[in-house]
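Only one structure is covered here, and it is reproduced in the block below.
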Amino acid sequence: DLNPKQREAAETIDGPILIIAGPGSGKTRVITHRIAYLVRTCGVTPYRVAAVTFTNGAAREMRLRLHHLLGPSADELTAGTFHSFCAMILRRDGDAIGLDRSFAIYDDADQIELIKRSMKEVEIDPKRFAHRAILSAISSAKSQLLGVEGFAMRRETYFDEIVLRVYERYEELLSQSSATDFDDLLLKAHFLFDQFPEIAKKYQDRYVHFMIDEFQD
């Protein structure tokens, strides 16, 4: 059920490949059929294949299609969101960077409460600086792979100084609670691989084929 271009993408397996396609053009179909081709035709062990996408809904759809194509062997694949993939890595190897393997993941409401507490403890007036604005700035920093030290080196404005003060306390409180926020999953996985190349190599050796849906995200 693939058209010629989709089939070409699904069956090209030597070296990296970039697929550029618009919404509704069958990207997920191509990725799942490519995985099926690798496993059923090329003899690749499912354990050595990973596929990540951005939303939980897209990840569920991908897993459903893979089960339809591969049956029980689909359970051996690693397929999920970027964040769930990084969470898996951190639960296995995050102790190398001082992260408890049973860490909690704070949702938006938890984060706001922690920001409020952090602002109070470092004496930042919430009437002058909104909780949500501070959290957004911290989230933006983490999405740029800037921890507290990195953000401190990049700060330019008075607002940045305020954010830094809150950011430092926010991170201390997260650590005391053995918790991460959603952005930490990507940031800490990056730090883990950057600081411990031998751990990065373990995953590089395992995943011979790595599929990324929604690459721009």
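Only one of the listed residues (Leu174, Leu135) is closer than 19 Å to Ala109 by Cβ, in contact with a strand residue (DSSP E or B) (Cβ under 7 Å, 6 or more places away or on another chain) and of a type outside the set (Lys, Arg). That residue is Leu174. The selection criterion, being open to solvent by 70 Å² or more (accessible area, probe 1.4 Å), modelled with pLDDT under 95 and more than 30 Å from Ala10 (Cα to Cα), does not hold for Arg91. Each residue in segment 30-40 was checked for being free of Cβ contacts under 8 Å to residues at least 60 places away in the same chain and either over 15 Å from Ala74 (Cα atoms) or touching a strand residue (DSSP E or B) at 6+ places or on another chain (Cβ under 9 Å) (or both), and 3 pass.
Whether any residue in segment 75-96 is among the polar types (S, T, N, Q) and closer than 30 Å to Val163 by Cβ is what I want to check. Scanning segment 75-96, I find at least one residue that is among the polar types (S, T, N, Q) and closer than 30 Å to Val163 by Cβ, so the answer is yes. Considering only segment 176-191, state which residues are farther than 30 Å from Ala9 by Cβ, in contact (Cβ under 8 Å) with a residue 12 or more places away in the chain and open to solvent by 30 Å² or more (accessible area, probe 1.4 Å). Across segment 176-191, the qualifying residues are Ser177, Ser178, Phe182, Asp183, Lys188, Phe191. Filtered by the rule that a residue be in a helix (DSSP H, G or I) and open to solvent by 30 Å² or more (accessible area, probe 1.4 Å), segment 44-57 gives Tyr47, Arg48, Asn56, Gly57. Note on segment 13-30: among residues that are of a type in the set (Val, Ile, Thr) and open to solvent by 50 Å² or more (accessible area, probe 1.4 Å), the one that is farthest from Gly43 (Cα to Cα) is Ile20. In segment 192-208 there is no residue matching the filter, namely being surrounded by 16 or more Cβ atoms within 10 Å (Cβ to Cβ), touching a helix residue (DSSP H, G or I) at 6+ places or on another chain (Cβ under 8 Å) and of a type in the set (D, E, K, R). Counting only helices (runs of 4 or more DSSP H) that sit wholly inside segment 157-217, those with at least 3 residues that are within 20 Å of the chain's Cα centre (by Cα) and farther than 21 Å from Val122 by Cβ are 182-195, 197-206.
If you go through segment 157-167 and keep only what is open to solvent by 40 Å² or more (accessible area, probe 1.4 Å) and without any contact (Cβ under 8 Å) to a residue 24 or more places away in the chain, you end up with Thr157, Tyr158, Glu161.
The values are calculated or read from the model by the stated rules, or taken from the named source; none is laboratory data. Here the structure is a predicted model, which is why all the values come from computation and not from measurement. All Cβ positions, even for glycine, are placed from backbone atoms using ideal geometry, and neighbour counts span all protein chains on display. Ligands, DNA and RNA are excluded from the accessible area calculation, which covers all protein heavy atoms including side chains. Shrake-Rupley method; radii C 1.70, N 1.55, O 1.52, S 1.80 Å.
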